[in-house]
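Chemist: Below are the structure tokens for one structure; questions will follow.
The numbers here are math on the coordinates, done by the rules we state, and not lab data. Quick caveat, the model's predicted, so the values are computed rather than measured. Positions of Cβ are backbone-derived with ideal geometry, glycine not excepted, and every protein chain shown enters the neighbour counts.
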Amino acid sequence: MGGADAVTRFETENHTPNSPLMQIQFFLSPHSEQPLIGMPYTLYADGKEIGKGMTDDKGEIEITHEENVEKYEVKFINGIHYEIPMIEEFVNDSDKDEIMSHGFYLDQGKNTKEALEEAKNYAKLIGKLV
């Protein structure tokens, strides 16, 4: 495989000129400022494989968002994977909204109350560091 500058972009099956393009940047670790350069990945939309690629020289990938896709998943060759839920509209009537709008998502394997408490505690800890 070529280097990160040899990244091949791919189009999803339902691409239209008006489909929004998302750029997502990945780092070597959650606390690193070093981008994850040249890492091979597979992209899934609602569980269906839609493409393969490699992070670019900034550690970014591009996803052309398609209507009705509820979740994207990026699986890296090293076993790390990220789920990216698509939210069509923001509901401002729950105690989850404030914490989630800052990037602290709830652990899917826990009950909502326990996961929300964990996310809030983590947000407080991070807030003290920045």
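Chemist: Cut-off 11 Å, label point 7 angstrom out along Cα-to-Cβ of Ile77: give me the residues of segment 29-61 whose amide nitrogen falls inside.
Modeler: In segment 29-61, the label zone of Ile77 (backbone N under 11 Å from the point 7 Å along Cα→Cβ) covers 38-42, 53-55.
Chemist: Which of the pairs Lys48/Lys124; Lys52/Lys124; Lys75/Lys113; Lys52/Lys113; Lys58/Lys113 have their Cα atoms more than 31 Å apart in this structure?
Modeler: Exceeds cut-off: Lys48/Lys124; Lys52/Lys124; Lys52/Lys113; Lys58/Lys113.
Chemist: Output wanted: per-residue J couplings in Hz (rounded whole) for segment 61-76, from phi through Karplus 6.51 cos²θ - 1.76 cosθ + 1.60, θ = phi - 60°, x for Gly and Pro.
Modeler: 10, 10, 10, 8, 6, 10, 4, 6, 7, 8, 7, 9, 9, 10, 10, 8
Chemist: If you don't mind, there's one more thing I want to ask. Given the peptides 113-122, 36-45, 60-69, arrange them by the average over their residues of other C-beta atoms within 10 Å, most packed first.
Modeler: So the order, starting with the most tightly packed, is 36-45, 60-69, 113-122.
Chemist: Just to verify a number: FRET efficiency for Met22 and Glu118, C-beta to C-beta distance, R0 = 30 Å, to 0.05?
Modeler: With R0 = 30 Å, the Cβ-Cβ based efficiency is 0.65.
Chemist: What distance in nm separates the simple spin-label points at Ser29 and Asn68, each placed 7 Å from Cα in the Cβ direction?
Modeler: With each label point 7 Å from Cα toward Cβ, the separation is 4.3 nm.
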